[in-house]
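Visitor: To start, I am sharing the structure in question, which I have written as structure tokens.
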Amino acid sequence: MRKVPSPTEKILDEEATVRRIADEEVWMLILKPAPQRWLELALVVEQTSSTAIWKQTINELQQLVKHHGAFRDVRTWGLKITEAKTQIFAQNRTGNFDSKPRSNDNSLTWTGFIKIIF
């Protein structure tokens, strides 16, 4: 799996630390960005009357992608489309979708590369 440097997590760079001690006699740890998986997944589930028959399949797909290890983050969203508007709902920890739709702000923005599956 492809990995990219983490913007927030650091790990010890053992080789650089040893090299600094040997070359400069400075006993200071050198840190480098920790590697992290580079993809994030947004699984978008349309909320319609026929979605109920797909619930088990959707749950199995969620579990598969969460435990596969290819994605650093997996989030599931509910999508309701009517003639008047389109709404998106976050899935909470219990597996249900929030009753209040997300607003059209930057709260849905992620960093990195995102794969969206509808």
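The values are calculated or read from the model by the stated rules, or taken from the named source; none is laboratory data. Worth saying up front: this structure is predicted, and the values here are computed from it rather than measured. Positions of Cβ are generated from backbone atoms using ideal geometry, with glycine treated the same way; all protein chains shown enter the neighbour counts.
Visitor: Cβ-Cβ under 8 Å, sequence separation 6+ or interchain: first residue in segment 82-105 and over 18 Å from residue 51 (Cβ atoms) and exposed (fewer than 10 other Cβ atoms within 10 Å of the Cβ), partner at pLDDT 80 or above and among the hydrophobic types (A, V, I, L, M, F, W, C). Which pairs?
Guide: 100/89
Visitor: Given the condition modelled with pLDDT under 90, touching a strand residue (DSSP E or B) at 6+ places or on another chain (Cβ under 6 Å), under 30 Å from residue 5 (Cβ atoms) and of a type in the set (Val, Ile, Thr), answer yes or no: does some residue in segment 57-73 qualify?
Guide: Looking through segment 57-73, none of the residues is modelled with pLDDT under 90, touching a strand residue (DSSP E or B) at 6+ places or on another chain (Cβ under 6 Å), under 30 Å from residue 5 (Cβ atoms) and of a type in the set (Val, Ile, Thr).
Visitor: Do you know which of the residues in segment 20-33 that are exposed (fewer than 14 other Cβ atoms within 10 Å of the Cβ) and in contact with an Asp or Glu (Cβ under 9 Å, 6 or more places away or on another chain) is farthest from residue 8 (Cα to Cα)?
Guide: Selected residue: 29.
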